[in-house]
Every structure is written in structure tokens, then in C-alpha cells.
Amino acid sequence: MKRAGAWLGAFAWMGVIFWMSAMPGDVSGAQSGRIAQLALRAMAFLFGEDAASSVSPDMINLLVRKGAHMAEYAVLFLLYRRALHASGARRPGFAALCLCACYAATDEGHQAFVADRGPSVVDVCIDTLGAALAWGALGALRRMKGKGKRNETV
């Protein structure tokens, strides 16, 4: 039952990623634009109007969009790794990273059929980097807690 629940979480998150990728480009752009505006307002509040106005809104929007890619796939990595571990995989971290890269590639292919969107090899790399950073953070966290053992696979 624990294994099925772990896989259900991974498949549900894959569905969320698919749903977000199915949004037309103008809808997706509007969402990230709103988040970028909030980020600019936060910068103005924290650092002053001059500092905030020196940052390009397009750059903030790009960072928001690519950061969202990385975050989506960091979560997917953690869910895959949990499911693979529950299933008895010998190297759940490595397998989860490979699954994330494969899903990123298929997700970008899916975007070829969405209005105002298109596939991007760069986005596959960014998605996979997000998963790899999650793997690294997980390993670092385990080492910091003293639970990482030399023979234990992450």
C-alpha cells in the first residue's frame, strides 16, 4: 500500500506538470508575469525603488519561468525517488534523475502541440538540473543530519 501511494503521488505530480504545459503560451506568460511583478514589488520594498527599477522586468520574468521549471522537477525527483525507494530500487536517486530527464523530454515534446508554445532542449536541461539539485540537496541534508552512510544509496 505504501508503494502504491508513493507512485500515486509521482503520477499526480506528472499530471500537474502536464496540465501546466498544456496551457497556451499567453496564459502561461500571464501567470509568470504576475509572479514577476510581485517579485519586483518585493524588491522595491526590500531594497528601494532605485534598485528594483535597475532590474529588467524581462529578466525577472525569465528567472521566474526557469525557476518554476526547476522547482517542478525538483518535486518530481523527490516523489520519484520516494516511490522507487519504496519499490526496492537499488539506486533510487539515479533512477529518479533518469526518469525526470525522460519526462522532461516528453513534456517538451507535448508542448509542440500547444498554442504559442514549443519544445526546448534548454528547458529539458533546466528541468533535469532542477532534479539534480534536489538530489544534491537531499544528499547534503542527509550528511548534515548524520544519517548518510557511505554504503547507503541516495
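The values are calculated or read from the model by the stated rules, or taken from the named source; none is laboratory data. Note that this is a predicted model, so its numbers are computed, not measured. Backbone-built Cβ (ideal geometry, glycine too); neighbour counts: all protein chains shown. Side chains are part of the model used for accessible areas, which takes the heavy atoms of the whole protein and leaves out ligands, DNA and RNA. Shrake-Rupley method; radii C 1.70, N 1.55, O 1.52, S 1.80 Å.
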Inset, instruction - Please go through the range 5-37 and pick out each residue that is closer than 16 Å to Leu76 by Cα, of a type in the set (A, V, I, L, M) and surrounded by fewer than 16 Cβ atoms within 10 Å (Cβ to Cβ). - result: Leu8, Ala12, Val16, Met20
Inset, instruction - Identify the single condition in (1) part of a helix (DSSP H, G or I); (2) surrounded by fewer than 16 Cβ atoms within 10 Å (Cβ to Cβ); (3) among the small types (Gly, Ala, Ser) that Gly118 does not satisfy, given that it satisfies every other one. - result: (1)
Inset, instruction - Pick out, from the range 1-62, the helices (runs of 4 or more DSSP H) lying fully within it that include 1 or more residues that are touching a residue at least 24 places away in the same chain (Cβ under 8 Å) and not charged (D, E, K, R). - result: 2-21, 25-47
Legend entry - Considering residues of the range 65-98 that are open to solvent by less than 30 Å² (accessible area, probe 1.4 Å), small (Gly, Ala, Ser) and in contact (Cβ under 8 Å) with a residue 40 or more places away in the chain only, the residue farthest from Ala134 (Cα to Cα): Ala83
